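Please treat every number below as a calculation from the coordinates, not as lab data. Keep in mind the model is a prediction, meaning the values are calculated, not measured. All Cβ positions, even for glycine, are placed from backbone atoms using ideal geometry, and neighbour counts span all protein chains on display.
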Amino acid sequence: MTAISAVKAALAAQAIETPSWAYGNSGTRFKVFAQPGVPRSPQEKLEDAAQVHRHTGVAPTVALHIPWDRTDDYAALARFAEDHGVRLGAINANVFQEDDYRLGSVCNPDPAVRRKALDHLLECVDIMDATGSRDLKLWFADGTNYPGQDDIRARQDRLAEALEAVRARLGEDQRMLLEYKFFEPAFYTTDVPDWGTAYAHCLRLGPQAQVVVDTGHHAPGTNIEFIVALLLREGKLGGFDFNSRFYADDDLMVGAADPFQLFRIMYEVVAGGGYGPQVAFMLDQCHNIEPKIPAIIRSVMNVQEATAKALLVDREALAKAQADGDVLGSNAVLMDAFNTDVRPLLAEVREEMGLDADPVAAYHRSGWGERIAESRRGGRQAGWGA
Ligand code: LRH
Ligand code: MN
Ligand code: MN
């Protein structure tokens, strides 16, 4: 049995990155409902992210999305973050919201559009240099809607060429994380539809290229923990975009749809040696009808709970049951951990970190929500649908 002190230390050291776009008015596809007090600038998003870290103690970094977080001086933005007790995390590129990208970005048949997209990706690496960010996160909306629309293999060649140009621009300590998504917005072919395609590109690109698993980007029934185990085994799991999906790419609170799946994923991370800074634990969510900051705090807590359960798995007992071919016994070991109520343990961890045992209640008591509703007028849409 893992010593409880080691479990607590591992939980206290966890780092979950929150996305800047979750703080703004954003929602994936339909109406975006405006909320009072939403940030009007990247700085205000960082102020909100700082509240999440202040109450949870495990959300020290914030991912940016360019151009949603465009600003004149990224080094100054990084200093602003630090002054507020957080740091800037992954830089998310965006080559999917301009008219030029109707037929794709880096896979577009038009070399001028490909150049424009590549220039944006390279600009994102410049931004990383200024912010001190380690990771560039790449998601491409590229694909085709109709059979025959474009040449599938030529598009892969164009993709490989752009990725190689980005890789060549990375600094020694920087990485590129390639995200896949099985459909949408393209419906016939998607240029990076699955982990296999992302893996094949990352393998060619070398050690600085890693796959990122967005938990919302799979067909129903996909065994995501298998993908996680395999990528970790190959040294190619760069990180997660955590969220929940009931149907497609819903971007709902992680752990809301299927906490058991989240536990199974975290167990593979822990068992595969991926619980550390080499795997980035990022949220990629939007909060359209629910208050945003408490929703992000809740999401962080959901990841913590799944992690605590994964850390509590009695690995020795499990290995023994597996070696004995004890099907029910090994399953019972995992289920015992999953069925443990870890909330008291996490409350203790928080108190030992000098935090309130209940981050959501502490946030509500702080009055931050009321203060920003009063002081920030005219918050703008900050992401999808912008
Ligand atoms: C695409 C995606 C990708 C984007 C983010 C806003 O669906 O998951 O990570 O950058 O949403
Ligand atoms: Mn994502
Ligand atoms: Mn997504």
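What the table below lists for this structure:
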read-out	value
Chymotrypsin sites (Phe, Trp or Tyr not before Pro) restricted to segment 218-265 and DSSP loop, no more than 11 other C-beta within 10 Å	F246, Y247
The chain: relative contact order as a whole-number percent, Cα under 8 Å and 6+ apart	23
Estimated FRET transfer efficiency (M335, S366; beta-carbon r; R0 30 Å; 0.05)	0.20
Label-point separation in nm, F226 to V327, each point 7 Å along Cα→Cβ	1.7
GluC sites (Glu not before Pro) lying in DSSP loop within segment 79-124, provided at most 14 other Cβ fall within 10 Å	E98
Pair D73, D151: separation of 7 Å Cα→Cβ label points (nm)	4.9
Net charge of neighbours whose Cβ lies under 15 Å from the Cβ of G235, counting Lys and Arg as +1 and Asp and Glu as -1	+2
Net lengthening on full extension, D110/E351 (0.36 nm per residue, minus Cα-Cα)	81.1 nm
Global form of segment 107-265, assessed from the alpha-carbon gyration tensor, a/c cut-off 1.5	oblate
Sequence of W368, W195 once ranked by neighbouring C-beta atoms within 10 Å, starting from the fewest	W368, W195
Cβ-based exposure ranking for Y267, Y188, in which fewest neighbours within 10 Å come first	Y188, Y267
Taking N as its residue count, the alpha carbon Rg of the chain over 2.2 N^0.38 Å	0.98
Relative contact order %, segment 127-202, counting alpha carbon pairs below 8 Å whose residues are six or more apart	43
Residues R350, R376 arranged by fewest to most Cβ contacts within 10 Å	R376, R350
Value of D in µm² per second that Stokes-Einstein yields for segment 1-146, Kirkwood Rh from Cα pairs, at 37 °C (0.692 mPa s)	192
A6-R40 FRET efficiency (beta carbon distance; Förster radius 35 Å; 0.05 resolution)	0.20
Segment 37-101 shape via C-alpha gyration tensor axes, a/c threshold 1.5	prolate
Gained length - A130 relative to A317, 0.36 nm times residue gap less alpha-carbon distance	62.5 nm
Local net charge near K320, Cβ-Cβ under 11 Å (Lys/Arg +1, Asp/Glu -1)	-3
Filtered chymotrypsin sites (Phe, Trp or Tyr not before Pro), segment 75-147: DSSP coil and at most 16 other beta carbons within 10 Å	F96
About the Cα centre, charge dipole magnitude for the chain (Lys/Arg +1, Asp/Glu -1 at Cβ), debye	320
Percent of Cα-Cα distances greater than 12 Å, calculated over segment 16-74	67
Full-stretch length increase - F33, E123 - with 0.36 nm per residue and alpha-carbon distance subtracted	29.2 nm
